[in-house]
Amino acid sequence: MHWYLLGTAALVMSGMVVIGAVAATTGWLLPWLRLRTTRPELWGYGAMCGGMGLLLFMSWGALDAFGDTPVLHRATGITGMLMLAAGSVLQMRSSRPRVDT
């Protein structure tokens, strides 16, 4: 088991979640995202959802937290992929202008 790889991935994904939380609460974005992102709060929620989903998907096979229960292993992988996809959709929608205003 390469715990240092899982630890590095957890550190990177935690940073992504923190940047998303800052964007969702304050509206502050990284400099290279400011020109094309019209709704920074939505981008922040997408970054948090995507970061948590990617961390869940990357760690579901490395950790034996469920005691070899195949149903929970599959559910964890599927949940991680769905969260990653939802975060990507939210970040994509944040670059489009609002239609209701």
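For segment 21-53, which residues satisfy the criterion of being part of a helix (DSSP H, G or I), closer than 20 Å to R98 by Cα and modelled with pLDDT of 90 or more?
Our first condition is that a residue be part of a helix (DSSP H, G or I); within segment 21-53, this holds for 21-26, 31-33, 40-53.
Those left that are additionally closer than 20 Å to R98 by Cα: 23-26, 33, 40-47.
Those that are part of a helix (DSSP H, G or I), closer than 20 Å to R98 by Cα and modelled with pLDDT of 90 or more: A23, A24, T25, T26, P40, E41, L42, W43, G44, Y45, G46, A47.
Looking only at segment 59-80, which residues are modelled with pLDDT of 85 or more and either hydroxyl-bearing (S, T, Y) or under 24 Å from L33 (Cα atoms) (or both)?
Correct list: T79 only.
The values are calculated or read from the model by the stated rules, or taken from the named source; none is laboratory data. Not measured: the values here are computed from a predicted model.
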